[in-house]
Amino acid sequence: PPTALPAKNGIWNTGNDFGKGDFRFYDDLESFMAPFPPEDREEFPQYFKLPEGVYEVKLATPCGIVFEEVEAGRGVYVQDLVEGGSADRQGVIRKDDVLVGITAVQIAGAKWERRMLPCRYFGFDMVVGAIGSNEPKWGCENVVMLMERPGEADSEEVDKWLEYFEPPPDTPWKLSQ
C-alpha cells in the first residue's frame, strides 16, 4: 500500500522546479534524506537506511570496475576490479556484486540535477553514460553507487525500496528517454 512519504514525494522536481530545492544533488543517503522531519523518520524508518545486503560507495572516476551484463541490456554486475583502481583501493566492492543504484546528472535547458536512480535493469551503455555524467562541472567529485551483495540481500525487498528513487513520468528524467 502507498505511504504518505512516497505519495508526497517532494524529492522530484517537475516543470519550473527542476534543478531547484533540497533534493537536486544526491551525495549520499543520509544527507539526501536530511530535510525530512523527525516524524517521517519515525513513521517510515525503512526509507532512511539502506536495505540489508546493500551498501553505498562513492568512487572517483575512473571507477576501476569491470562490469558485465547480467543478461543482454538488463543489469550489470562486477565481473572484476582493476588492480590499483579506485574500487580496488577502496576495498568495499567485491566481484559478483550487482549494481542496483547509480547517480546520474540530467540537464534540462540551463538547469541540472544529480539523482540516485534505480539501475538494476539498465544496460551496460546506460550505466557507462550515468557514470560519465557525474562530471566536475556539475559539482561531482565522485559517482555514488548502490551495490547489492548476492546472498546477503533480498532482491525483491531491495527493488521495493528503490521504487522511492524512481523518477515520475512528468520529470525531465523520464521525458528525455
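Of all the listed residues (92, 105, 57), the sole one being among the aliphatic types (A, V, I, L, M), assigned to a loop (DSSP other than H, G, I, E, B) and under 18 Å from the mean Cα position of the chain (by Cα) is 92.
Would you confirm whether or not the stretch 160-171 contains a residue that is over 13 Å from residue 103 (Cβ atoms), in contact (Cβ under 8 Å) with a residue 60 or more places away in the chain, of a type in the set (D, E, K, R) and surrounded by 14 or more Cβ atoms within 10 Å (Cβ to Cβ)? The answer is no; no qualifying residue exists. Does residue 125 fit the bill of being surrounded by fewer than 16 Cβ atoms within 10 Å (Cβ to Cβ), not in a strand (DSSP E or B) and not polar (S, T, N, Q)? Taking the combined requirement at face value, the residue satisfies it.
Against the numbered list (1) under 20 Å from residue 119 (Cα atoms); (2) outside any helix (DSSP H, G or I), residue 46 comes up short only at (2). When the criteria are applied in full, residue 152 fails the requirement of being of a type in the set (Asp, Glu), within 16 Å of residue 69 (Cα to Cα), touching an Asp or Glu at 6+ places or on another chain (Cβ under 8 Å) and at pLDDT 95 or above. Among the residues of the stretch 24-35, those that are surrounded by 16 or more Cβ atoms within 10 Å (Cβ to Cβ) and more than 20 Å from residue 54 (Cβ to Cβ) comprise 24, 25. Of all residues in the stretch 107-122, those satisfying the criterion of being surrounded by fewer than 17 Cβ atoms within 10 Å (Cβ to Cβ) and over 16 Å from residue 171 (Cβ atoms) are 110, 121. Checking each residue in the stretch 83-100 for being aliphatic (A, V, I, L, M) and either within 20 Å of residue 136 (Cα to Cα) or open to solvent by 70 Å² or more (accessible area, probe 1.4 Å) (or both) picks out only 87.
Every residue, every condition in (1) aromatic (Phe, Trp, Tyr); (2) part of a helix (DSSP H, G or I), yes or no:
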| position | (1), (2) |
| --- | --- |
| 77 | yes, no |
| 114 | no, no |
| 129 | no, yes |
| 163 | no, yes |
| 173 | yes, yes |
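Within the stretch 36-49, take every residue that is touching a Phe, Trp or Tyr at 6+ places or on another chain (Cβ under 8 Å) and touching a residue at least 40 places away in the same chain (Cβ under 8 Å) and give me the one that is most open to solvent (accessible area, probe 1.4 Å). Residue satisfying both the conditions and the ranking: 46. Taking residue 103 as the residue in question, decide whether it is crowded, with 18+ Cβ neighbours inside 10 Å, modelled with pLDDT of 95 or more and either closer than 17 Å to residue 19 by Cα or touching a His at 6+ places or on another chain (Cβ under 9 Å) (or both). Judged against the criteria, residue 103 is a match.
The values are calculated or read from the model by the stated rules, or taken from the named source; none is laboratory data. In this text, all values refer to a predicted model and were calculated from it rather than measured experimentally. Positions of Cβ are backbone-derived with ideal geometry, glycine not excepted, and every protein chain shown enters the neighbour counts. Note: accessible area is taken over every heavy atom of the protein model, side chains too, but ligands, DNA and RNA are not part of it. Shrake-Rupley method; radii C 1.70, N 1.55, O 1.52, S 1.80 Å.
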